[in-house]
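Down below is the structure, laid out as structure tokens.
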Amino acid sequence: MGMNPKEIVSIKEFEDLLIKATNTANEGITISSMDQIDRPLVFVNEGFERLTGYTKLDVIGKNCRFLQGKDTDQSTVNILRLAIQNGEQATVELLNYKKDGTPFWNRLSITPLKDKNGITTHYVGVQSDITELRETQKSLKSANKDLASFQNKIKYELEEARRVQNFILPSTFPTTAKLSFASVFEPMDQIGGDFYDIIEIEKGVFGVLIADVTGHGIQAALLTFMTSFAFKNIALQTSSTAKVVTETNEKLYNKMPRGSFITMFYVVYDSNTRRLSYTQAGHPEGYVVRANTKEVISLTSLSPLVGAFSGETVTYSESTIKLEIGDKVVLYTDAILEVWNSDDVMMKREEFTSFLKNNSKLPIKELLDSIKSFCLKFSGKSSFNDDFTMVGFEVLN
Ligand SMILES: Cc1cc2nc3c(=O)[nH]c(=O)nc-3n(C[C@H](O)[C@H](O)[C@H](O)COP(=O)(O)O)c2cc1C
């Protein structure tokens, strides 16, 4: 149980306390009389004296407008005038001047005191010095403005980087009666590290690459450039996938920032012999989907990722498989394997491969599009969290 507060017993005691409280307050407290000519101040507390530098003797009997000066905003003064005319309350912020001429920002609130007939007899004014607050607000505002323009600049540059990044993707696919190529590329808002490429190495021999560079943002954009140029230079010289990946690794190793690397899946298809050779470098397995038998064959060569290890310590192997008319080759990045449904359950590999099996008759473009819809449907979302990239082809002839 707490102690009972000691009650104020006499009016005198109450008045003393009130005066003490009024004078201790940091704010200026003023009372002006409304039924005397020019509405003079009849009371100011010590807070007012401390705030303005004027003494009671200086100001009692005068209208409080003496605090105003050349830079006081007249429309704000008007608000006060109108409020007083209408017997209403008002709160404003206006520039006032101390006795020594120093300007200060005054947050002033004036409140009418009315008699029992509703006639305003007095006004109580409360003044607070908000100069520092105003200055902080001003510098915050300008800092915010600077930040916003900086942010816009960065956003613009990121958009540019992404636009330029799209140039490394093939704008058209090689035309041939023997094959039909297709791709799906859904970059997320940020710059991501996925890309793919399709090249014709020699007549009827095609290279198809899918790659995923670690990270996002400008760094990923630069690394995709570097990787794509290194790859293309080498890939146009040879049809050995292991050689291309080995040399790409040698070119990039030492040039990559610490901790970054690339995973890639590279296939070369010779449409004259229908031989597919491939190298899987730290990347998810590829698939051959057989239209006739509905088989789904996984393509693995289990080689290390690219760019992180010196050529002396890694070897990239190459495997081959013979394709048949109607076969489809499907390559993708890990976003496909990392789709989660709303119960936080990840898609199982078997769910994905049985989807491929059930849709093995679809033409390649439709197959890729339906994989995308399947993954979206599984995740229950309308877009992917990560880059979503697939590339593939179908043997027509
Ligand atoms: C109680 C009270 C306190 C006031 N305090 C201030 C003040 O601190 N600073 C100020 O510039 N004006 C203050 N004013 C406003 C002026 O006294 C005056 O009402 C205002 O300048 C508009 O009237 P005018 O057009 O006759 O000048 C106060 C008014 C009242 C009623």
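The values are calculated or read from the model by the stated rules, or taken from the named source; none is laboratory data. Owing to the predicted nature of the structure, the values given are computational and were not obtained by experimental measurement. Neighbour counts run over all protein chains shown; Cβ positions are idealised from the backbone, glycine included. Ligands, DNA and RNA are stripped out before the accessible areas are found, and what is left, the full protein with its side chains, is counted by its heavy atoms. Shrake-Rupley method; radii C 1.70, N 1.55, O 1.52, S 1.80 Å.
Would you tally the residues in region 364-390 being surrounded by 15 or more Cβ atoms within 10 Å (Cβ to Cβ) and either in contact with a helix residue (DSSP H, G or I) (Cβ under 9 Å, 6 or more places away or on another chain) or assigned to a loop (DSSP other than H, G, I, E, B) (or both)?
Looking only at that region, the number is 11.
Among all residue pairs at least 6 apart or on different chains, which show Cβ distances below 7 Å where the first residue, located in region 204-223, is hydroxyl-bearing (Ser, Thr, Tyr) and the second is open to solvent by less than 30 Å² (accessible area, probe 1.4 Å)?
What qualifies is 214/193; 214/260.
Looking at (1) of a type outside the set (Phe, Trp, Tyr); (2) surrounded by fewer than 22 Cβ atoms within 10 Å (Cβ to Cβ); (3) under 24 Å from residue 362 (Cβ atoms), which is the one condition that is false for residue 256?
Condition not satisfied by residue 256: (3).
Mind telling me which of the residues 361, 348 ends up being farther than 30 Å from residue 215 by Cβ and out of contact with any His (no Cβ under 7 Å at 6 or more places or on another chain)?
Answer to the check: 361.
Among 306, 314, 296, which is under 19 Å from residue 393 (Cβ atoms) and touching a Ser or Thr at 6+ places or on another chain (Cβ under 9 Å)?
None of the others qualify; the one that does is 296.
Can you name the number of the only condition in (1) under 17 Å from residue 210 (Cα atoms); (2) hydrophobic (A, V, I, L, M, F, W, C); (3) touching a Cys at 6+ places or on another chain (Cβ under 9 Å) that residue 339 fails?
(1)
Here's the yes/no breakdown for (1) free of Cβ contacts under 8 Å to residues at least 60 places away in the same chain; (2) open to solvent by 30 Å² or more (accessible area, probe 1.4 Å); (3) more than 9 Å from the ligand (Cβ to nearest atom):
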{"site": "59", "(1), (2), (3)": "yes, no, yes"}
{"site": "66", "(1), (2), (3)": "yes, yes, no"}
{"site": "73", "(1), (2), (3)": "yes, yes, yes"}
{"site": "80", "(1), (2), (3)": "yes, no, no"}
{"site": "89", "(1), (2), (3)": "yes, yes, yes"}
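Any chance you could count how many residues in region 110-132 are of a type in the set (S, T, N, Q), more than 9 Å from the ligand (Cβ to nearest atom) and either touching a Ser or Thr at 6+ places or on another chain (Cβ under 7 Å) or not in a loop (DSSP other than H, G, I, E, B) (or both)?
Total satisfying the criteria: 4.
Could you list, in sequence order, the residues of region 187-208 that are part of a loop (DSSP other than H, G, I, E, B) and hydrophobic (A, V, I, L, M, F, W, C)?
Within region 187-208, 188, 191 qualify.
Residue 35 versus (1) more than 10 Å from the ligand (Cβ to nearest atom); (2) of a type outside the set (S, T, N, Q); (3) open to solvent by 60 Å² or more (accessible area, probe 1.4 Å); (4) modelled with pLDDT of 95 or more: which is the lone unmet condition?
(4)
Within region 212-225, is there a residue that is modelled with pLDDT of 95 or more and open to solvent by less than 10 Å² (accessible area, probe 1.4 Å)?
No, the conditions are met nowhere in region 212-225.
Please work out if residue 292 is modelled with pLDDT under 95 and not hydroxyl-bearing (Ser, Thr, Tyr).
The answer is yes for residue 292.
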